[in-house]
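Visitor: This structure is in structure tokens; I'll ask about it shortly.
What follows draws every value from the coordinates through simple rules; no lab data is involved. Bear in mind that the values here come from a model prediction, so they are computed numbers and not experimental data. In this analysis, Cβ positions are derived from the backbone assuming ideal geometry, glycine residues included, and neighbour counts consider all displayed protein chains.
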Amino acid sequence: MARIVIALGGNALGNTPEEQQSMIEAACPALVGLISQGHEIIISHGNGPQVGMINLAFDIAARENKKVSPMPLQECTAMSQGYIGYHLQKGISRELRVQKMPWQVATVITQVVVDPLDPAFQNPTKPIGAFYDEAVAEQMMQADPKLRMKEDSGRGWRRLVPSPKPIDIAERKSILNLLDNEYIVIACGGGGIPVVRDERGDYCGVPAVIDKDFASAKLAEVVGADYLFILTAVDHVCVNFGQPDQKELKTMSTGEADMYIQSGQFGAGSMLPKVEAAVSFVRSGWGKRAVIASLDQAPQAMRNESGTLITL
């Protein structure tokens, strides 16, 4: 039996609650299929569309109604963990019942520890929230000198927040306890809620976004997983993507991955963080393996029939 962390992309979960529930139910046979093969799974997920929707809703409501307060980003992330976890619990529980399997499902609202001295805090790069025209954005930055905003893909100006690297999982002991008692655990949703230690040693949330794939790799490392599955929209990692000589990679060593990364083979906003996270996990311990594959091919990928296998 292998312990597997499965990272689901937020865009693979739809843009509305109804669409999300439908897509999750379609994905659950593949996820439960790994359990039926005798494996133990922990699920993490993205939340890009979902946390943006929550953040935008509070921004608009606060402008229109003084009784509504703007919601800090870390609270928006916690909200997205809750409702995405709720949908995953429903879908997985239904599939477990259909297959007459005894496992239970639980979502852990997860805090992910970051270094307060991470250079990312001095260079915010992650766009979030509402779009504004340039004049309004300039006014907002003048009113709050700490605020960073940037034009995003011709659609308007958006707030930029830091994207620090994860260094630990605050709820690791709770997650391990649930795994030991035959729970499927949903954790680190949206990269987790970024936290740092304050002067008393307590966790304190910070306005940032942790990359979901890096958080999943850290989760896999701290729970002693054998595999990290990063499930996306494609069956394999490709080089020369979209060109006549495009090539699907069935296997890739960490050294080969370094070479491809240095030559610019992977897009910064798409495949690059997935490959970097996979490499980080594989190098975290002997015998660790990562797979990048499509969601519907997850059971086949576990049998080396699909996906790209990354090894040391």
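Visitor: Of the listed values (i) 19.6, 60; (ii) 18.4, 60; (iii) 21.1, 68, identify the label whose number matches Rg and Dmax of the Cα atoms in Å calculated from this model.
Guide: (i)
Visitor: Using the alpha-carbon atoms, what tilt in degrees (0 to 90, nearest 10) does helix 134-143 show relative to the longest principal axis of the chain?
Guide: Taking the Cα atoms of the chain, the angle to 134-143 is about 80 degrees.
Visitor: Treat each spin label as a single point 7 Å out from the Cα along the C-beta direction, and report the ALA62 to GLN122 distance in nm.
Guide: 2.8 nm
Visitor: Students often get this wrong, so check it: of LYS146/LYS274; LYS126/LYS274; LYS165/LYS212, which have C-alpha atoms separated by over 19 Å?
Guide: Pairs exceeding 19 Å: LYS146/LYS274.
Visitor: Another one. With everything on Cα atoms, drop me the angle between helix 73-98 and the longest principal axis of the chain, reported from 0 to 90° to the nearest 10.
Guide: Helix 73-98 sits at roughly 30 degrees to that axis.
Visitor: Order by neighbour count: GLU199, GLU40, GLU18, fewest other Cβ atoms within 10 Å first, most last.
Guide: Least crowded to most crowded, the residues run GLU199, GLU18, GLU40.
Visitor: While we're looking at this one, here's another question. Which of MET140, MET271 comes first, and how do the rest follow, when ranked by fewest Cβ neighbours within 10 Å?
Guide: Sorted ascending by nearby Cβ count, the order is MET140, MET271.
Visitor: Report the local net charge at SER44: Lys and Arg +1, Asp and Glu -1, summed over other residues whose C-beta lies under 14 Å from its C-beta.
Guide: Taking every Cβ under 14 Å from that of SER44, the sum is +1.
Visitor: Expressed in nm to one decimal, what extension gain is obtained for the pair ARG303 and SER284 from 0.36 nm per residue of sequence separation less their Cα-Cα distance?
Guide: Net length gain for the segment: 4.6 nm.
Visitor: Related question: For the charge dipole of the chain, defined by +1 on Lys and Arg C-beta atoms and -1 on Asp and Glu C-beta atoms about the Cα centroid, which residue among MET271, GLY191, ASN181 has the Cα displaced farthest towards the positive pole?
Guide: After comparing all options, I get ASN181.
Visitor: Where is the GNM fluctuation largest for the chain (alpha-carbon springs, 10 angstrom cutoff): ARG158, ARG63, ARG197?
Guide: Comparing ARG158, ARG63, ARG197 in the GNM, the peak value goes to ARG63.
Visitor: State to the nearest 20 debye the size of the charge dipole of the chain about its Cα centre, where the only charges are +1 on K and R beta carbons and -1 on D and E beta carbons.
Guide: 360 debye
Visitor: For helix 271-282, what angle does its Cα long axis make with the longest principal axis of the chain, in degrees from 0 to 90 and rounded to 10?
Guide: Result, in degrees: 60.
Visitor: Please list 3J(HN,Hα) in residue order for segment 24-30, calculated via the Karplus relation 6.51 cos²θ - 1.76 cosθ + 1.60 where θ = phi - 60°; whole Hz, with x for glycine and proline.
Guide: 5, 4, 5, 7, 4, x, 5
Visitor: What ranking do PHE281, PHE214 get, fewest neighbouring Cβ atoms within 10 angstrom at the top?
Guide: Placing the least packed residue first, the sequence is PHE214, PHE281.
Visitor: Now a separate question. Where nothing but the Cβ of Lys and Arg (+1) and of Asp and Glu (-1) is charged, how large is the charge dipole of segment 169-249 around its Cα centre, in debye to the nearest 20?
Guide: With Lys and Arg at +1 and Asp and Glu at -1, about 200 debye.
Visitor: Right, here's the next one. Is it possible to state the helix-based mean residue ellipticity at 222 nm for the chain, with each DSSP H run of 4+ residues giving -39500 (n - 2.57), the sum divided by total residues, to the nearest 500 deg cm²/dmol? What is it?
Guide: Calculated from helices alone, the mean residue ellipticity at 222 nm is -12000 deg cm²/dmol.
Visitor: Then there's this: Could you work out how much longer the chain between ASP133 and MET53 gets when fully extended? Use 0.36 nm per residue separation minus the Cα distance between them, nm to one decimal.
Guide: Using 0.36 nm per residue and subtracting the Cα-Cα distance, I get 26.9 nm.
Visitor: OK, next. Relative contact order for the chain using alpha-carbon pairs under 8 Å, separation at least 6, rounded to a whole percent?
Guide: 21 percent
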